Amino acid sequence: MSGILSQMQNIGRVESSGIELGMQHALYSSLTVGGNYTYTKIKNKSGSTNRVTDMPKHKVLLHGQWQPIEPLSLLLQAEYNSERFASNTVELAGFTLLNAKANYQFAPNWQWSLGVNNLTDKNYALAEGFPAAGRSWFTNLYYKF
């Protein structure tokens, strides 16, 4: 057997701090835009050189919703995640995703949605060796009671 073996464990102490800012604003009665930004600072307080994993330092989410006619709304969302460590030695690249969705309210309690996630078919991973889904289409039917 060859190669380097390692194991990550939840031991020791970690200090995390940061800030999250968000806003949403109706530009017109039919157009709303918004977003939020999260900055996270993480420090290993155990005196070890082990890295804290699965936490991007920067995350940005922008969204817009347009309602051209009463039963129809169109949503666009962009999400950015900075790089993150997957293990003590592997750093995953940052990525940006673009998602879109249309909602149609065809009865008081019924809504139909059609959308696409990862519109640009960006290759990215949240864990080493496990790539996230590429472009994916979906449709949903909701009933609110």
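Comparison of K43, K101 shows that the only residue that is within 26 Å of G12 (Cα to Cα) and assigned to a strand (DSSP E or B) is K43.
Scanning the range 82-102 turns up one or more residues that are of a type in the set (V, I, T) and out of contact with any strand residue (DSSP E or B) (no Cβ under 8 Å at 6 or more places or on another chain). Only a single criterion out of (1) more than 19 Å from D54 (Cβ to Cβ); (2) touching a Gly at 6+ places or on another chain (Cβ under 9 Å) is not satisfied by V116, namely (2). Candidates are the residues of the range 79-95 that are among the polar types (S, T, N, Q) and modelled with pLDDT of 95 or more; the one that is nearest to L119 (Cα to Cα) is N81.
Can you pull out every residue in the range 88-145 that is of a type in the set (S, T, Y) and free of Cβ contacts under 8 Å to residues at least 60 places away in the same chain?
Result: T96, Y104, S113, T120, Y124, S136, T139, Y142, Y143.
In this entry, L76 passes the filter for residues that are at pLDDT 95 or above and either under 19 Å from the mean Cα position of the chain (by Cα) or loosely packed, with under 13 Cβ neighbours inside 10 Å (or both). Given the conditions (1) free of Cβ contacts under 8 Å to residues at least 24 places away in the same chain; (2) closer than 23 Å to Y124 by Cα; (3) assigned to a loop (DSSP other than H, G, I, E, B), report the number of the one that M55 does not fulfil. With respect to (1) free of Cβ contacts under 8 Å to residues at least 24 places away in the same chain; (2) closer than 23 Å to Y124 by Cα; (3) assigned to a loop (DSSP other than H, G, I, E, B), M55 is out only on (1).
None of L119, L75, L61 is part of a strand (DSSP E or B), of a type in the set (A, V, I, L, M, F, W, C), out of contact with any Ser or Thr (no Cβ under 8 Å at 6 or more places or on another chain) and over 30 Å from N10 (Cβ atoms) except L75. Against the test of being among the charged types (D, E, K, R), surrounded by fewer than 12 Cβ atoms within 10 Å (Cβ to Cβ), out of contact with any Gly (no Cβ under 7 Å at 6 or more places or on another chain) and farther than 16 Å from Q65 by Cβ, the options K122, K144 yield a single qualifying residue, K144.
Scanning the range 21-33 for residues being exposed (fewer than 13 other Cβ atoms within 10 Å of the Cβ) and not in a strand (DSSP E or B) gives a total of 1. Residues considered: N50, N36. Of these, the only one that is surrounded by 12 or more Cβ atoms within 10 Å (Cβ to Cβ), of a type outside the set (V, I, T), in contact with a Gly (Cβ under 9 Å, 6 or more places away or on another chain) and not in a strand (DSSP E or B) is N50.
The values are calculated or read from the model by the stated rules, or taken from the named source; none is laboratory data. This structure is a prediction, so every number in the text was calculated from the model and none was measured. Neighbour counts run over all protein chains shown; Cβ positions are idealised from the backbone, glycine included.
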